[in-house]
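One structure below.
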Amino acid sequence: MSIIQVKHLQKRYGDNEIIKDIDFQIDYGECVALLGPNGAGKTTIIKMLLDITKPTGGQILFQGKRHDKMREFIGYLPQHPTFYSWMTGMELLEFMGGLSGLYKEILEQRIKELLDLVGLTKEKDKQIGTYSGGMKQRLGIAQALIHQPKLLIMDEPVSALDPIGRRDMLELLKVIKQKSTILFSTHILHDAEELCDKILILNQGKLLVNGLINQVINQNQQPVFIIQAPRVNEWAPQLVNEDIVESIVETGSSAKVRVKNIEQGRIWLLDNISRLRLPIQKFELVQESLEEIFLRMVK
Ligand SMILES: Nc1ncnc2c1ncn2[C@@H]1O[C@H](COP(=O)(O)OP(=O)(O)OP(=O)(O)O)[C@@H](O)[C@H]1O
Ligand SMILES: [Mg+2]
């Protein structure tokens with residue numbers, strides 16, 4: 001069952017069309033990554049889902065209907081969260097729980113569970129100003145979950161963290177996703193692959209890809225041959241062929257040759273390797289990673 005359906009969503013600022021007729025849906029229990037380079041429109045979409053920004057076209061449906069109190073059902077961690085640095089972690093959660101209208105007894109229990117979940121029980125009485133970036137992000141997750149939302153939305157939750165903070169956060173999200181529906185934006189492909197079932201790839205306000213990660217990889221694969229031989233810069237330019245070769249990228253001692261068709265490409269390349277008498281050390285057909293597919297699509 002779908003929790004959110006987005007239909008023909010559009011956003012304009014003046015003459016600039018920032019989001020261009022986008023459709024997608026998020027089903028209960030899914031973990032969905034919204035991927036895109038800087039300026040693609042990720043934050044704009046998230047703000048429209050949260051009713052912080054109004055769409056200039058299209059619809060957002062919650063459980064199949066228009067809803068004017070969507071925020072009751074959504075927990076949100078913004079891209080650049082700010083906290084009162086003089087508050088303690090505990091005080092922030094009490095404050096946010098109060099704003100969500102939770103009764104004191106329920107709130108106390110909920111805060112205990114959340115501090116435990118995000119690993120901040122020991123630091124709960126320290127001022128947030130003394131927290132590391134990773135601790136602040138984990139506190140941000142706790143405040144987003146305080147009212148037991150049906151959907152957790154996070155805008156680049158790991159981008160600003162160091163490798164340790166990022167690892168902690170990914171492990172925490174793996175636990176949270178077992179019980180929650182999650183949408184998070186990122187430009188780090190690896191995080192999407194590690195956590196999510198489904199990806200949405202956005203570029204310049206257009207949705208290029210919407211599907212399960214494995215399907216996206218299978219459907220968008222372009223065959224790539226790796227040819228390794230000395231003096232790549234001398235022979236690689238001679239393998240440019242508009243009919244068969246899509247692109248050639250020289251990488252150190254080898255060239256990555258993307259072809260339009262595996263069989264024709266293989267025969268053509270082997271003929272040319274023989275014609276050029278290349279002393280090849282390696283000739284290999286490889287699968288493109290999600291990162292390569294993403295980079296090709298957004299370029
Ligand atoms: N209030 C606004 N007025 C005018 N243009 C805006 C406004 N907010 C965003 N934009 C433009 O919309 C485009 C998309 O911005 P958005 O912040 O949604 O991108 P993003 O994918 O979240 O990027 P990033 O990875 O840098 O966070 C950008 O070109 C931005 O300049
Ligand atoms: Mg953004």
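The values are calculated or read from the model by the stated rules, or taken from the named source; none is laboratory data. Since the structure is predicted, the reported quantities are computational estimates derived from the model, not experimental observations. Neighbour counts run over all protein chains shown; Cβ positions are idealised from the backbone, glycine included.
Would you check if residue 294 is under 35 Å from the mean Cα position of the chain (by Cα), in a strand (DSSP E or B) and of a type outside the set (Gly, Ala, Ser)?
No, not satisfied.
Residue-by-condition table, conditions (1) touching a residue at least 24 places away in the same chain (Cβ under 8 Å); (2) over 18 Å from residue 187 (Cβ atoms); (3) of a type outside the set (Val, Ile, Thr); (4) not in a strand (DSSP E or B):
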| site | (1), (2), (3), (4) |
| --- | --- |
| 18 | yes, no, no, no |
| 21 | yes, yes, yes, no |
| 32 | yes, no, no, no |
| 37 | yes, no, yes, yes |
| 45 | yes, no, no, yes |
| 48 | yes, yes, yes, yes |
| 51 | no, yes, yes, yes |
| 58 | yes, yes, yes, no |
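Select from region 200-227 the residues that are β-branched (Val, Ile, Thr) and more than 16 Å from ligand 2 (Cβ to nearest atom) and write down the one among them that is surrounded by the fewest Cβ atoms within 10 Å (Cβ to Cβ).
Ranking the qualifying residues of region 200-227, first place goes to 226.
Failed condition for residue 57, given (1) within 16 Å of ligand 2 (Cβ to nearest atom); (2) over 22 Å from residue 144 (Cβ atoms), with all others met?
Going through the list (1) within 16 Å of ligand 2 (Cβ to nearest atom); (2) over 22 Å from residue 144 (Cβ atoms), residue 57 breaks only (1).
Consider residue 96 carefully, then state whether it is outside any loop (DSSP other than H, G, I, E, B), hydrophobic (A, V, I, L, M, F, W, C), within 16 Å of ligand 2 (Cβ to nearest atom) and free of Cβ contacts under 8 Å to residues at least 60 places away in the same chain.
No, not satisfied.
Can you tell me which residue among 45, 106 is in contact with a strand residue (DSSP E or B) (Cβ under 9 Å, 6 or more places away or on another chain), under 30 Å from residue 1 (Cα atoms) and assigned by TED's automatic domain parsing to the domain that holds residue 23?
That would be 45, the only listed residue that is in contact with a strand residue (DSSP E or B) (Cβ under 9 Å, 6 or more places away or on another chain), under 30 Å from residue 1 (Cα atoms) and assigned by TED's automatic domain parsing to the domain that holds residue 23.
Can you name every residue in region 62-76 that is at negative phi and part of a loop (DSSP other than H, G, I, E, B)?
66, 67, 68, 69
If you go through region 137-167 one residue at a time, how many are surrounded by fewer than 21 Cβ atoms within 10 Å (Cβ to Cβ), part of a helix (DSSP H, G or I) and among the basic types (Lys, Arg)?
2
Answer yes or no as to whether residue 1 is surrounded by fewer than 17 Cβ atoms within 10 Å (Cβ to Cβ), in contact with a helix residue (DSSP H, G or I) (Cβ under 8 Å, 6 or more places away or on another chain) and touching a residue at least 12 places away in the same chain (Cβ under 8 Å).
The answer is no for residue 1.
What number of residues within region 22-53 satisfy the criterion of being within 12 Å of ligand 1 (Cβ to nearest atom), surrounded by fewer than 15 Cβ atoms within 10 Å (Cβ to Cβ) and at pLDDT 95 or above?
So the count comes out to 0.
Within region 1-16, count every residue that is part of a strand (DSSP E or B) and near ligand 1 (Cβ under 10 Å from one of its atoms).
Count: 4.
For region 241-291, give me the residue count where each residue is farther than 15 Å from residue 227 by Cβ, assigned to a helix (DSSP H, G or I) and out of contact with any helix residue (DSSP H, G or I) (no Cβ under 9 Å at 6 or more places or on another chain).
2
Does any residue of region 207-230 turn out to be part of a loop (DSSP other than H, G, I, E, B) and without any contact (Cβ under 8 Å) to a residue 12 or more places away in the chain?
No, region 207-230 has no match at all.
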